[in-house]
Amino acid sequence: MWEMTKEGEIVDTKFRKTIIRSKAAFAYGDAQKILDDPNAKDEKALGLKGLNSLAKKLRKKRMDAGALTLASPQIKFVLNEDTQKPQDAEMYQLKEANAMVEEFMLLANISVAKKILKHFPSFSVLRRHPRPSESQFDMLVRAAKIKGLEIDVSSSKKLAESLDRCIIKGFPYFNTLIRVLATRCMTQAIYFSSGSVPPEEYQHYGLATPIYTHFTSPIRRYADILVHRLLAASLGIDPVPKTLESEEKSKTMCEHMNHRNRMAQQVGRSSSALFTLLFFREKDVIEEGIVLSVRKNGIRVFIPKFGIEGSIAVAKGGGGEAEKAGASSAGKKSGGEDDNNGWIFDGETLILSNPTLPGSPRYQIFDRLRVRIYVKRSEMRREWLEMEIPGTGAAAEKGDAKKGGGDAKMVSSTAGGGKKRAAAAVSPSKDSKPKRPRRTSAKKKGTKKTKKRQRGT
């Protein structure tokens with residue numbers, strides 16, 4: 001519980017084990033409607049608006065201290081009530097109500113971190129976000145420079161101010177893309193035991209706070225459960241958990257949670273990929289995409305409408321990430337007609353081009369282009385989400401396929417009947433299924449004998 005002034009200054013902080021008497025429960029959307037309604041003046045509305053006013057002041061203080069507003073696009077699915085299959089998809093939008101709740105959650109996490117560290121300085125469960133080295137931002141700085149923008153990465157505050165200035169007229173999504181790239185320059189935040197690192201390394205770089213932990217979501221994170229137990233012990237309500245009663249035990253638990261957290265993130269990405277595949281299974285759409293990164297052999301595009309991204313290969317060979325190639329050979333052109341089928345990658349300007357092809361195709365980071373999205377299916381019924389640039393195949397057919405040297409997805413696959421194969425892959429007929437050869441009884445017996453001999457050895 002906090003006692004605050006109207007300006008968001010904390011006068012006193014108290015920790016109690018209490019029962020909350022809730023007057024109402026709101027979904028984020030419902031709360032947002034109340035915040036947006038100037039005529040909503042009942043007790044609940046005034047309470048929400050008062051909290052939102054405080055949250056804005058708390059947020060301003062964090063921003064002034066150097067906290068970063070980063071971006072990590074997420075796809076949101078609308079499921080059919082009967083089949084539970086995705087029937088619509090869009091990029092998840094954060095509302096003002098989300099930011100309001102977030103501010104008080106952050107404040108609670110910081111307050112609890114200070115409390116448990118005061119009582120258990122050697123084995124408190126905390127969370128830190130190490131400061132990235134300036135070299136980690138090379139790709140971000142180079143990408144912004146292409147658009148005539150400067151990024152100062154000397155401190156989190158300077159970085160935050162630079163990101164705020166990254167605005168291009170007529171390109172409303174540019175600022176979000178820059179923040180996406182900034183997010184990917186960061187190291188991952190991790191759990192740690194307070195006794196395992198010096199206090200100067202406790203800081204959370206992204207939040208610009210010297211100490212932080214996870215306390216507010218015990219229903220979905222085990223770290224929060226441990227922090228609740230430590231807080232209860234600090235208040236004399238419960239004894240110190242045996243699993244955390246020493247620095248070594250706390251360190252082991254934190255390492256395990258970091259591992260499980262990485263696994264959970266992978267599961268989340270796999271789940272999104274599965275539902276994305278189900279959503280596009282019966283669709284073949286063309287949407288606007290934006291080049292998010294450039295590689296030696298292709299590009300990675302982001303689709304703002306759905307909040308998804310994918311790779312499009314345009315050449316065989318090469319294949320290194322633009323970031324890696326650019327860091328080692330900035331200002332030099334990578335690849336060439338001899339080793340990359342005519343495609344030339346410039347690591348300084350982040351341009352992939354091929355002057356040997358009709359139309360001299362050229363792709364650069366932040367370019368906007370039309371992207372075809374559909375589900376491709378192999379003869380063995382394996383499915384994957386495919387993205388391609390419409391028209392590139394037609395250009396390859398008219399020109400020299402060998403000279404163009406495209407890849408199986410975009411260029412050479414469309415030469416000589418590639419379009420027909422693609423259509424068959426999306427909707428395979430019964431005749432297209434490969435027939436399995438019959439095994440003779442002699443072969444079966446031989447196989448069994450072989451297995452027995454293998455087991456015997």
Of Leu51, Leu46, the only residue that is in a helix (DSSP H, G or I), open to solvent by 40 Å² or more (accessible area, probe 1.4 Å) and over 30 Å from Leu163 (Cα atoms) is Leu46
For the stretch 366-384, name all the residues that are touching a residue at least 24 places away in the same chain (Cβ under 8 Å) and either among the charged types (D, E, K, R) or not assigned by the TED database to the domain that holds Ile290 (or both). Asp367, Arg368, Arg370, Arg372, Lys376, Arg377, Glu379, Arg381, Glu383
Failed item, numbered, when Phe77 is tested on (1) part of a helix (DSSP H, G or I); (2) surrounded by 11 or more Cβ atoms within 10 Å (Cβ to Cβ); (3) not aliphatic (A, V, I, L, M): (1)
How about the stretch 190-202: which of its residues are surrounded by fewer than 18 Cβ atoms within 10 Å (Cβ to Cβ) and either touching a strand residue (DSSP E or B) at 6+ places or on another chain (Cβ under 7 Å) or among the charged types (D, E, K, R) (or both)? Ile190, Glu200, Glu201
Lys57 at pLDDT below 95, part of a helix (DSSP H, G or I) and either more than 26 Å from Tyr173 (Cβ to Cβ) or open to solvent by 60 Å² or more (accessible area, probe 1.4 Å) (or both): no
Close pairs (7 angstrom Cβ cut-off, 6 or more residues apart or separate chains): in the same structural domain as Pro121 (by the TED database) in the stretch 250-271, part of a helix (DSSP H, G or I) and not acidic (Asp, Glu) anywhere: Ser250/Leu244; Met253/Leu226; Met253/Thr243; Met253/Leu244; Met257/Tyr222; Met257/Ala223
If we keep just the residues of the stretch 257-291 that are touching a helix residue (DSSP H, G or I) at 6+ places or on another chain (Cβ under 9 Å), over 29 Å from Leu352 (Cβ atoms) and not aliphatic (A, V, I, L, M), which is least open to solvent (accessible area, probe 1.4 Å)? Asn261
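Can you tell me how many residues in the stretch 150-177 are out of contact with any Pro (no Cβ under 6 Å at 6 or more places or on another chain) and open to solvent by 30 Å² or more (accessible area, probe 1.4 Å)?
16
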Looking only at the stretch 87-126, how many residues end up being open to solvent by 20 Å² or more (accessible area, probe 1.4 Å) and of a type in the set (A, V, I, L, M, F, W, C)? 11
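The values are calculated or read from the model by the stated rules, or taken from the named source; none is laboratory data. For clarity, every value in this text was computed on a predicted model and none was experimentally measured. Quick reminder, even Gly has a Cβ in these numbers, built from the backbone with ideal geometry, and neighbours come from all protein chains shown. Only protein heavy atoms, including side chains, enter the accessible area calculation; ligands, DNA and RNA are left aside. Shrake-Rupley method; radii C 1.70, N 1.55, O 1.52, S 1.80 Å.
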